[in-house]
1. Which residues, taken from the stretch A:430-456, are surrounded by fewer than 19 Cβ atoms within 10 Å (Cβ to Cβ), within 12 Å of another protein chain (Cβ to nearest Cβ) and assigned to a helix (DSSP H, G or I)?
2. Of everything in the stretch B:154-164 that's in contact (Cβ under 8 Å) with a residue 40 or more places away in the chain and within 16 Å of ligand 2 (Cβ to nearest atom), which residue is farthest from the other protein chains (Cβ to nearest Cβ)?
3. If you scan the stretch A:420-429, which residues turn out to be in a helix (DSSP H, G or I) and within 22 Å of B:GLY115 (Cα to Cα)?
4. Which of the following residues is touching a residue at least 60 places away in the same chain (Cβ under 8 Å), closer than 26 Å to B:LEU182 by Cα, surrounded by fewer than 21 Cβ atoms within 10 Å (Cβ to Cβ) and basic (Lys, Arg): B:ARG136, B:ARG141, B:ARG146?
5. Counting only residues that are surrounded by 13 or more Cβ atoms within 10 Å (Cβ to Cβ), of a type in the set (D, E, K, R) and closer than 17 Å to A:ASP80 by Cβ, how many does the stretch A:24-44 have?
6. Given the stretch B:1-87, what strands (runs of 3 or more DSSP E) lie entirely inside it while holding 3 or more residues that are within 16 Å of ligand 2 (Cβ to nearest atom)?
7. Return a yes/no flag: does the stretch A:200-209 have any residue that is open to solvent by less than 20 Å² (accessible area, probe 1.4 Å) and among the basic types (Lys, Arg).
8. In the stretch A:322-343, is there at least one residue being open to solvent by 20 Å² or more (accessible area, probe 1.4 Å) and among the β-branched types (Val, Ile, Thr)?
Amino acid sequence: MSEPESDVSQIGRDYKYGFHTTDEPKFSTGRGLTREVVETISAQKSEPAWMLERRLEAYEHFLTRPIPDWGGDLSTIDFDSIFYYVKPTESEAASWEELPPDIKNTWDRLGIPEAEKKYLAGVGAQYESEVVYHKLQEELVRQGVVFLGMDVGLRDHEEIVREHFGKIVPFRDNKFSALNTAVWSGGSFIYVPPGVKVEMPLQAYFRINAENMGQFERTLIVVDEGAFVHYVEGCTAPIYSSDSLHAAVVEIIVKPGGRCRYTTIQNWSTNVYNLVTKRAVAQENATIEWVDGNLGSKLTMKYPAIWLTGEGAHGEVLSIAFAGPGQHQDTGAKAVHAAPNTTSVITAKSISRGGGRAGYRGLVNVASGARGAKSKVVCDALILDEESRSDTYPTIRVHEADANIEHEATVSKIGEEQLFYLMSRGLTESEASSMIVSGFVEPITKELPLEYAVEMNRLIQLQMEGSVG
Amino acid sequence: MALLEIKDLRIALNDGSEIVKGIDLKVESGEVHAIMGPNGSGKSTLAQALMGHPAYRISSGDVLLDGTSLLALGPDERAQKGLFLAFQYPYAIPGVTVTSFLRSAMNALRKARAGGEDDPIPIPEFRKQLAAATERLKVPRELLGRYLNDGFSGGEKKRIEILQLALLHPRLAVLDETDSGLDIDALKTIAGGVSDLVGPEMGAVVITHYQRILNYIRPDYVHVFAGGRFVAEGGPELAEQLESEGYDAYLPEAPSGAS
Ligand SMILES: Nc1ncnc2c1ncn2[C@@H]1O[C@H](COP(=O)(O)OP(=O)(O)OP(=O)(O)O)[C@@H](O)[C@H]1O
Ligand SMILES: [Mg+2]
């Protein structure tokens, strides 16, 4: 049975994804994390032994690794109250009709089957810990494109997974990559064969439904020589008074001449900690692009990274962070130039309002030997009121004398005159401020496929509603 | 009942200093009133305060549009009631194209007219109206895809102001020095466009320093504004007289004996 959650007053804005369903899961490890929980997850998935070993090593590391004392306030996460693994259905479905009515209803309300029909080449839908639906256009299957839930990916393509899993983001990278490696479940596995260009986006949709849920999906994307793929992920969750945790790891490898674009529209409810490690390696003349929209969550700490390991590789990060009441978006980007003539462009825009806090934390590192590296970082912050805050923490390390590094940062407010001008044409104050904000992020939304640009603007409008009064 | 009625209006800055010192004006539909006056006399202050600019305080008097007082209303509500101001210095909104802005503004007015219900203009209808207005006003199509006033030349901004006027169909249009910055041909086109709109549906107040624009928008009345007050009033011939003789005769501190 579905039961719409309507008490949005506690977060002070209209979050239309705040409903949840009350269906019984097929299986759950219960609250809290132990060695047994890790073993149970692995056994549920009938994994190869090496994966269980990796999980257990990561679990030990997670225990010893201190909580980061930078970024946002992580001291309030109650690791013992979290459900680390919840299995909603018996198996992955290949048609929406096969899903239990409650779960199907959730996807319908989120508009996913509709979007699949209209403009997507493939869809993966994860509910709690498992991918419950997966489908890829037949034409792409025929061309050898692989788009699977990560669990199925490990089962059917163990060699590729074993070659790359944890190589780009080792579990020792940080406490949350260790946690993810220990308890990962779901996520996407994508392989694009040499020269294949996937024209329409592949979309993965992540939904947390239960209270105190921990979602730990793991994504691995391998783009072979000269191939292209655009992968899009969206995330939402119901509104609860206690917190949920989303700690994902994404690893991408783009082989010579390939290109991968990874777009995130993160719209978690404001009781979700979103602590995600994303890293991509671009080889010779390859291109990696992260388009990262963070609108939801209580605290997001996420710094998509590009490692330019081959000569002529290019990386871009376009990021938008919107921090409303009670939200802290600590986002940014990392670009590591590890080969000659590599280029990177980082464009970060943040908006804070209603006491929200948005920050840019970035690193540009030009390693020795990376001659002729070029990097440009632009970060612009828009602060909508006196209570809100924006911080910028750029770090630049250069080990080659001929590197060309540019960094620009601006902080602005919405001008009274701009507001007056728009209002004199009949727009209300909130419509006028949303328009100014949409314009502010336009350099990024214009990079999105139309449907996502529309979605992004709509989410910004929702964020802006009730911002004046 | 006049379309616009200004009664003994005094306007001060938020620090209390008075800029407009008691004026009266009545404008009927179909009428054009020109306001001419020296720099710094308070013409833009009047125009912006009519529109509800927050930097100005109405210290006394009233402004009525179709018989309803505007003073308690925000700029958006004044626009929704049919007031329009073509700005002397329009603002830039980076990231928002002229086209998308125009559509939002039209939709905002339609929504107000539909009693707060969304009533968006169908896209084909919008395209049709936009095409007709850009053609009439000779607005280069290329401007429509650019960000509103962002990097526009002075004349381009003025054209876009009048394009907005043409599409938003106000009851009363106030033009604050729309002619400054327009080249001779553009002035003719733009002023002609405004003139076409004046009629039973619309009245206009045209603030200007030059008589030239009034050749294309024939004023019914010319008001001389100096030191925060209307100091003289006449027909179109007054504008010509001002152009040749200047404002000396109307300024309190005019050097005596000058002729
Ligand atoms: N917001 C403001 N803050 C301070 N002074 C102001 C403000 N607005 C207007 N003034 C002052 O009020 C006076 C009238 O200005 P206003 O812009 O109305 O003149 P104007 O008649 O439109 O002049 P122009 O012909 O040059 O456009 C000027 O002295 C101006 O400096
Ligand atoms: Mg002026």
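The values are calculated or read from the model by the stated rules, or taken from the named source; none is laboratory data. Just so we're clear, the structure is a prediction, and the values are computed from it rather than from any experiment. Quick reminder, even Gly has a Cβ in these numbers, built from the backbone with ideal geometry, and neighbours come from all protein chains shown. Just the protein is used for accessible areas: all its heavy atoms, side chains included, with ligands, DNA and RNA removed. Shrake-Rupley method; radii C 1.70, N 1.55, O 1.52, S 1.80 Å.
1. Step one: filter the stretch A:430-456 for residues surrounded by fewer than 19 Cβ atoms within 10 Å (Cβ to Cβ), giving A:430, A:443, A:446-447, A:449-451, A:453-454.
Going one step further and asking which of them are within 12 Å of another protein chain (Cβ to nearest Cβ), we end up with A:430, A:443, A:446, A:453-454.
Correct list: A:SER430, A:PRO443, A:ALA453, A:VAL454.
2. Taking the stretch B:154-164 first, the residues in contact (Cβ under 8 Å) with a residue 40 or more places away in the chain are B:157-158, B:160-164.
In the following step, the residues that additionally are within 16 Å of ligand 2 (Cβ to nearest atom) were identified as B:157-158, B:161.
On the way: B:LYS157: 11, B:LYS158: 14, B:GLU161: 10 Å.
Filtering the stretch B:154-164 for residues that are in contact (Cβ under 8 Å) with a residue 40 or more places away in the chain and within 16 Å of ligand 2 (Cβ to nearest atom), the one farthest from the other protein chains (Cβ to nearest Cβ) comes out as B:LYS158.
3. Step one: list which residues in the stretch A:420-429 are in a helix (DSSP H, G or I), which gives A:420-423, A:429.
Passing the criteria: A:LEU422, A:MET423, A:GLU429.
4. Values: B:ARG141 fails: touching a residue at least 60 places away in the same chain (Cβ under 8 Å); B:ARG146 fails: touching a residue at least 60 places away in the same chain (Cβ under 8 Å).
Of B:ARG136, B:ARG141, B:ARG146, the one residue that is touching a residue at least 60 places away in the same chain (Cβ under 8 Å), closer than 26 Å to B:LEU182 by Cα, surrounded by fewer than 21 Cβ atoms within 10 Å (Cβ to Cβ) and basic (Lys, Arg) is B:ARG136.
5. Residues that pass the stated criteria total 2.
6. Values: elements: B:4-13, B:18-27, B:32-36, B:56-65, B:83-86.
Once the strands (runs of 3 or more DSSP E) in the stretch B:1-87 are filtered for at least 3 residues that are within 16 Å of ligand 2 (Cβ to nearest atom), what remains is B:18-27, B:32-36.
7. yes
8. We begin by selecting, within the stretch A:322-343, every residue open to solvent by 20 Å² or more (accessible area, probe 1.4 Å); these are A:325-326, A:328, A:334, A:338, A:340-341, A:343.
Keeping just the survivors that are among the β-branched types (Val, Ile, Thr) gives A:343.
Scanning the stretch A:322-343 turns up at least one residue that is open to solvent by 20 Å² or more (accessible area, probe 1.4 Å) and among the β-branched types (Val, Ile, Thr).
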